[in-house]
Every structure is written in structure tokens, then in C-alpha cells.
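Single-structure report; data block below.
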2 protein chains.
Amino acid sequence: MVVPGAALVALDWGTSSLRAWLLAADGAVLDRRRSDRGLLALTQDAAATPDDVAAAYETVFTQTCAEWLSTGPELPAIACGMVGSAHGWVDAGYRDAPTVLELAAADLVLVEHRSGRLHVVPGLRVPSADDRPGDVLRGEETQVLGVLDALGATADADLTVVLPGTHSKWVSVRERRVETFTTAMTGELYGLLLGDSILARTATEPVRDDEAFRRGVSAGSSPGSRGLQVELFGARALALDGTLAPSSVPDYVSGLLLGDEVGHLLPRRTGTGPLVVCGSDDLCRRYAAALAAHGVATQALTEDVTVRGLWRTAVGAGLVDACENEPSGRRSP
Amino acid sequence: MVVPGAALVALDWGTSSLRAWLLAADGAVLDRRRSDRGLLALTQDAAATPDDVAAAYETVFTQTCAEWLSTGPELPAIACGMVGSAHGWVDAGYRDAPTVLELAAADLVLVEHRSGRLHVVPGLRVPSADDRPGDVLRGEETQVLGVLDALGATADADLTVVLPGTHSKWVSVRERRVETFTTAMTGELYGLLLGDSILARTATEPVRDDEAFRRGVSAGSSPGSRGLQVELFGARALALDGTLAPSSVPDYVSGLLLGDEVGHLLPRRTGTGPLVVCGSDDLCRRYAAALAAHGVATQALTEDVTVRGLWRTAVGAGLVDACENEPSGRRSP
């Protein structure tokens, strides 16, 4: 399949899935694919050698993008996410924050394979210091660049970008540089607790309950919080006392976790610029409510910005000659 | 099997197992049994009726204690733990704290069955109030009574009893009454995180590392803690940075969780009496270290005190005529 105007293959290859886009030179999405062959699926065999793992990545890449690549071996390809981790196709390493978001070609790590070359985006790291744990992210650096692209000129100011998810990231951006960032295991803890804990046995099939969420936020972020490990068990006590419906336990626990995260990280925010939350509709709504409880307004960005970030990175690194004469007129990815 | 001097069948019937003892009138252990048929095993069938569940409990009880019960139908039996929960053999309810620990016969809930009667100890509850979650425990009320019995006269003072485990309990005791208590999900969170999270994929087979535990306690309980959800992810950053061995991640996470628990609950302790930790050797050692970081000395009680508490409850309720003329001379249970 030859797609006229195709200029870039862009991949967001994470822990559990691969999303792939075929982009035009102006960033417009011409075609897209999705696969559930993320890092976890590709590294299940503990006996696999690094060569086996690399071959498995290459097979998935070829299967997913073969039609596009037949357009010509010259079509550049770029990827972000766990594909660049120590258990990825290639270890693309980390760049240390503070750092710029726009990359040169030399910043990308190359994988040579049968169908050509793949440029992999490195992650970001806050180095550990003086027994103080640092932090890492991989894939979110590209999301943040996509956020700046989506925001346009307003992104020149300081801002805090919150990327909720399995591992929630709070990224401090100043003049288009990442100053620092912090990770909270919020989404993963929610999954663990509601999947297999005493709270899973307390809860029934969830029914949306915004008031239960609000109660959870309040209990999790109040100065009187007795700590997350205690307040979580409180959800069971409330349910046993009949003051919290078992079907509302999930929203209460979600509120506790978000309230605890916001209560700890909002006071540590650097800079005074706007706070942008970028994620699904549901998560943006929840974070906006948790932050509103602290009197903080947020700007929600519910669009998927990763493909924007991949395209912007490819343009910055010279992989694509961008057609950006009329940015407001181009079809957004 | 007729055992001379048998005076009581005592059961600690919890979530995952049943422990049973045959006791003499002075509390001495004459025989013991163990079964893995706890609440979870007996309530796996979602389609089971309450009568089915009761029949399953009765079968396990009979199989475990049949030899003892053949001594005569008059042998009294007492049980504590999840056997008295809503998914137990009988719902023994909760008594509200503050409350005494010694019970009258009328406080125990009776189960009539083919082989006689079983007296079930109710749990304890701090009722929820003003949107403030309360708390619950079941089985630990009997452990605390066993702690008081083991401590002897010193238990007449105020004291805080810490019972670490899946759900860690901090119980405030004043003049042999439970004033209040607080639960932290410390042990359960540890199991979830090291069983199936990004930290499980970061850790390798644990090697004991007291220094890693100490670092975790410090990070989890310091005033500069960025909250448990952030500090937990820090364990991964430390491991990726090479400043924490993957085999030491479990001890670091254990330290974080205990440090967070102690950091939140120690300042909320009521009373000024001694702090007693009752649990396994390993947990007592860990809690002593975490509390020592706050300058607090602890008294460790590594003995299993539940059987003492069951016997003491049975004596108090008049199920057994105790031979207590020489308490210091009797064989301890």
C-alpha cells in the first residue's frame, strides 16, 4: 500500500500495547494501527536472550507497519516508550533533567533492522542524589512535547503538566525545558487494591458516585489524614458501617488516592504557571475535582498528544521536512 | 481419644487458616491441630447459600476437633477471628470501643451444631462519625487480651499494643479497656507491591539488607516524604540508578511502608505508657527498628498470645473453671 504524502511512521510502544501512525509531512494522520504486543507480551519468556527479544520486537514492528514500509525504505520511523527501556528493543537510556524537550538527531538511538532504521527517543531521569531517590519517565517526555504543541504560544510560560495514569507524572516545564518531575504510583495502586485486596472484597460492581469520590479526596488530602495506609482501610470501615455503598467503594478509593497525590505534590509544585492535566476525559475530570478542592483551576487536555509529540520530535531532529507554513490550517494529528 | 484434664477447645479461625488447641483448665496446651480451611477457602463458591457455608464450617470443625469432642459433649468450645464475620459461620457482630476486654457469657455468640455448641467472640468497632471513617478488627481483641495476660501486672498501666501483619493494628489500652484502635494496610500493601507491580519487576530474589530497610524507614517517615505513592516509585529510581541493589528492593519497600505507618500513627498515640509489639520475630525486629528511628523503645512479644486470650476469655465468661491458684506455676499456653 503506497500512501501519497506519507512522511513518517510514528510509534508509541509501551508496557502493554503498541500504537502506530502513518503521518504526512505536516503531521496529519494518514493511517493508524494498534497491537497488544507491548513490552510485557514481548518479554514473558524469562529464558529469552537479548537477540530473541530484539527479534520479537522486529517481528511485531514489521507485521504492524509492513504495508507502510513498502512505500519505500526511506520512510523514517520514530518510537517512544518502553521500547527504549532495558527490556525494550534497544536501551535508549535517559537524558538528565533539567533538559530541553526538542532533540537533535544525535539524541535519538538507532535500531538497524531488516526493513530499515528506527529512531528511539530516550527517557528522562532526575538523578538520585545524597540518598534522595531520583525519578524516571519514558514516553511521557514525548507527551509533554505534544502538550506544548497543542497549547501553542501559551506554552512559552511556566507550566506544570500532570499526566495521570498507571504512574502519574507531574512535570515542571519552564521555557520549554523540563526542570524536574515526580512520579506517583496512583493508577497502579488503584488497580492492585481494587483487583485483589480486602477492598476488592468490600466493593461490588462500581456505580459512578461523585460524592463518594469527593469524600475520598477530602479524607486523603486533609491535614488530618492518618496516612494512605490507614485511610484506605477506612473505606472498609465505612462500608461495614453502612455509610458507604459497596458499589461506591471504587470511587471513594479513587478519591483517596488522588487526594493523597494532589495533597503531597501540589505544595511541591515549582513555578506559578498554569496547571495542565492531559489524559482521558474521566481522569481529567477527577484531577480537576481533586485540584478544585485546593482552589486550583486546571486546564484539561483530553486529546491524545503523543502522536503530536512524536511528529514534533521527528521534525526537530530533521527526520521530516515539516510543512509548517500554516500551522493553524493543518490537520491536527 | 479421651485426654485427661481437657477443659476447653479453643479456635483461632481466620481468613486463611484455622488453628485449634485442646486446653486444660489451667490453660496448658494438651494438644493442637492446624487446617488451611480458613474463611477464603470456605467461601470460594459464590453460589453457596448461608446454609451451605455453615455446613462447610461445621464439617471442618468436626474433622479438626472430632477426637477431642469425643471426650464428651460437655467440653466447651470457643473461637475468635473471621469465623465470626458476615461471611463466617455466624455473624458475631462487633462491640463498640471504648470497651472492656473481659467478656461475659452473654457477650459470646452461640452456634448450635451436631457436636454441641461453639461460643464465638465478637469483633471490635470504632463507629464512623461525622464522615470520619471508623475502624474494625476481629481476632485481635483476643490477641490483646493474651498480651495483657502475658505481661501480667505491668498491663495495668496504659499501653499501646501494636499487632503487625496483613492489617497492622495499633490498639490503645487503658486500665485493661480498649480505648480506640487504628488499622494500617501495611502487610497487604507489601504483598501486593512485591507480588505484582512495577516494584516486583524491579526486585530480584530478596537478600536481607538491614541498611536498605533503614533507608526506606528514613525516606518513608521523614518530614520531607513526598507521600507513599511517590516514595514507592523512588525505589525503582534508586534501583535504576544503581544505588539500591535489586535484591534489596523488598527490604527498602518494607522500610518505606513501616516508616510511613509509624510516622503517621506514633504521633497519634494516646497515653504515655509503654509500646508493646506482638508478632513474629522478624516483624518485631522491623517495628523496633522503625520506632527506634523516632527514639521510641518497644517491648517485643514474639510469643503467640492468641491461645492465652482465648483461654482467658473462656475463663472470664465462665465456660471453664480456671485453676489459677498458682498462675506463675502453670504451664503457659
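The values are calculated or read from the model by the stated rules, or taken from the named source; none is laboratory data. These numbers come from a predicted model, not from an experiment. When we count neighbours, we look across all protein chains shown, and the Cβ atoms used for this are built from the backbone with ideal geometry, even at glycine. Side chains are part of the model used for accessible areas, which takes the heavy atoms of the whole protein and leaves out ligands, DNA and RNA. Shrake-Rupley method; radii C 1.70, N 1.55, O 1.52, S 1.80 Å.
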Residue under evaluation A:ASP260, criteria (1) more than 24 Å from the chain's Cα centre (by Cα); (2) modelled with pLDDT of 95 or more, criterion not met
(1)
From the residues in segment A:271-302 that are open to solvent by 70 Å² or more (accessible area, probe 1.4 Å) and within 17 Å of A:VAL171 (Cβ to Cβ), which one is modelled with the highest pLDDT?
A:GLN299
Scope segment B:112-124; condition part of a strand (DSSP E or B) and open to solvent by less than 10 Å² (accessible area, probe 1.4 Å); matching residues:
B:LEU118, B:VAL120, B:GLY123, B:LEU124
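Would you check if there is a residue in segment A:12-25 being in a helix (DSSP H, G or I) and either in contact with a Pro (Cβ under 8 Å, 6 or more places away or on another chain) or open to solvent by 40 Å² or more (accessible area, probe 1.4 Å) (or both)? Outline the logic, then answer.
First pass over segment A:12-25, keeping only residues in a helix (DSSP H, G or I): none.
No.
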Residue satisfying all of: in segment B:130-156; among the aliphatic types (A, V, I, L, M) and closer than 28 Å to A:GLY227 by Cα; surrounded by the fewest Cβ atoms within 10 Å (Cβ to Cβ) among these:
B:VAL136
Count - residues of segment B:229-266 that are open to solvent by less than 10 Å² (accessible area, probe 1.4 Å) and not in a helix (DSSP H, G or I)
1
Residue count, segment A:57-94 (criterion: buried (at least 17 other Cβ atoms within 10 Å of the Cβ) and within 27 Å of B:THR202 (Cβ to Cβ))
15
Could you go through segment A:306-316 and let me know if any residue there is under 20 Å from A:ASP158 (Cα atoms), out of contact with any Pro (no Cβ under 7 Å at 6 or more places or on another chain), of a type in the set (A, V, I, L, M, F, W, C) and open to solvent by less than 50 Å² (accessible area, probe 1.4 Å).
no
Consider A:ALA55 carefully, then state whether it is over 23 Å from the mean Cα position of the chain (by Cα) and assigned to a helix (DSSP H, G or I).
yes
Please work out if B:ASP282 is within 12 Å of chain A (Cβ to nearest Cβ) and not hydrophobic (A, V, I, L, M, F, W, C).
no
Unique residue being surrounded by fewer than 20 Cβ atoms within 10 Å (Cβ to Cβ) and within 14 Å of chain B (Cβ to nearest Cβ) when the list is A:PRO98, A:PRO127
A:PRO127
Restricting segment B:220-243 to residues that are of a type in the set (S, T, N, Q) and more than 7 Å from chain A (Cβ to nearest Cβ), the residue that is nearest to the chain's Cα centre (by Cα):
B:SER221
Checking the condition part of a loop (DSSP other than H, G, I, E, B), more than 28 Å from B:PRO223 (Cβ to Cβ) and over 17 Å from the mean Cα position of the chain (by Cα), which residue from A:GLY295, A:GLY318, A:GLY273 passes?
A:GLY318
